[in-house]
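Let me begin by presenting the structure, written as structure tokens, before commenting on it.
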Amino acid sequence: MKAYEINRSYRILLFILFLLLLLVVNSLMVKAQPLKPKTHHVYPKIMIIPYNPANYKSDVDMSGVVYKDDSPFGEYYSANRLIRYNLEKSLSEDLLLYFDINRVLFYDKLTSMQKDLDYIYKSVRYDMKFQRLRAYYRNFPEFTIMQILGSEEKRWGISCVDPQSQKPILMNPKLTYFDVTILDTALIPFLTKKYKCDYYLFINGFELKTRFKICMDLMKNVKQKDIILHFTLFDNKGRRKVGGLVGITYEPTYSDIFDIAENNLGILSSLVTDVIKNQLGLTMRCDIDE
């Protein structure tokens with residue numbers, strides 16, 4: 001009887017050891033299985049080429065005015081360069097939703113980058129043509145009670161109201177477009193070899209126009225401003241993919257240059273980004289929140 005109990009206990013012990021062995025073997029097999037590689041999404045890379053400073057057109061002379069910019073260089077910038085730098089920054093933030101970005105002005109203190117910009121500007125020609133706006137946004141502040149109850153001129157300014165219909169005049173949808181033509185056929189291959197980009201976004205020009213007719217309007221700050229941005233997108237084969245004009249009409253609220261940089265460049269960038277992503281059929285990248 002005792003021998004039987006010993007044998008029975010021995011068999012139970014062997015069975016338990018066998019189960020433990022199976023668990024160990026199964027665990028080792030699971031660890032030995034190759035891990036599935038993490039999906040790596042490759043997104044098109046775009047290079048933003050800022051407008052030539054000579055293509056900054058404004059009816060307000062701010063050429064001699066300098067402002068302290070929050071750029072990484074901590075320098076005083078002219079109004080032209082402040083807008084140029086912040087426009088590229090804003091475009092980079094919006095285009096990052098669909099592209100990998102190669103910024104130029106952020107590194108423009110590098111001699112090689114500045115030489116490349118000079119080469120780019122010398123390799124293109126700007127052709128004037130009439131074209132309708134690709135996108136437009138009215139960025140007006142809320143009207144005061146007196147403006148709502150008053151005349152159209154109180155709300156929009158004299159030059160913004162049609163004298164016959166007494167209705168606000170919106171930005172002319174057909175404007176002069178600075179289209180870019182690449183003269184040097186070696187330009188795009190050179191940029192592609194050096195920067196490995198799929199697309200090149202040329203910002204061709206920046207225009208700022210003020211609407212008012214008499215000095216009294218200006219004194220009372222009854223005016224509006226139109227901002228017009230010219231752009232052209234090429235792929236890395238030098239083929240033109242899309243281009244045109246986007247615009248904003250807004251009412252200045254305070255120091256004009258900062259009003260543009262802080263409240264309006266982001267809207268312009270969004271308009272350009274929407275035109276490009278719709279033309280190329282892009283969807284928002286899935287790793288943007290990682």
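Coordinate-derived values only; no laboratory data. As the structure is a prediction and not an experimental result, all values here were calculated from the model. Every residue, glycine as well, gets a Cβ built from its backbone with ideal geometry; the counts of neighbours run over all protein chains shown.
In table form, for the structure just shown:
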| read-out | value |
| --- | --- |
| Exceeding the 26 Å Cα-Cα cut-off - candidates 89/129; 129/196; 174/237; 89/193; 115/174; 209/237 | 89/129; 129/196; 174/237; 115/174; 209/237 |
| Residue order, fewest to most beta carbons within 10 Å, for 188, 158 | 158, 188 |
| Amide hydrogen neighbours beyond the local backbone of residue 136, cut-off 5 Å, H modeled | 247 |
| Nonlocal amide H pairs with residue 161, under 5 Å, H built at 1.01 Å | 169 |
| Amide H contacts of residue 205 (H built 1.01 Å from N, under 5 Å, at least 5 apart or other chain) | 230 |
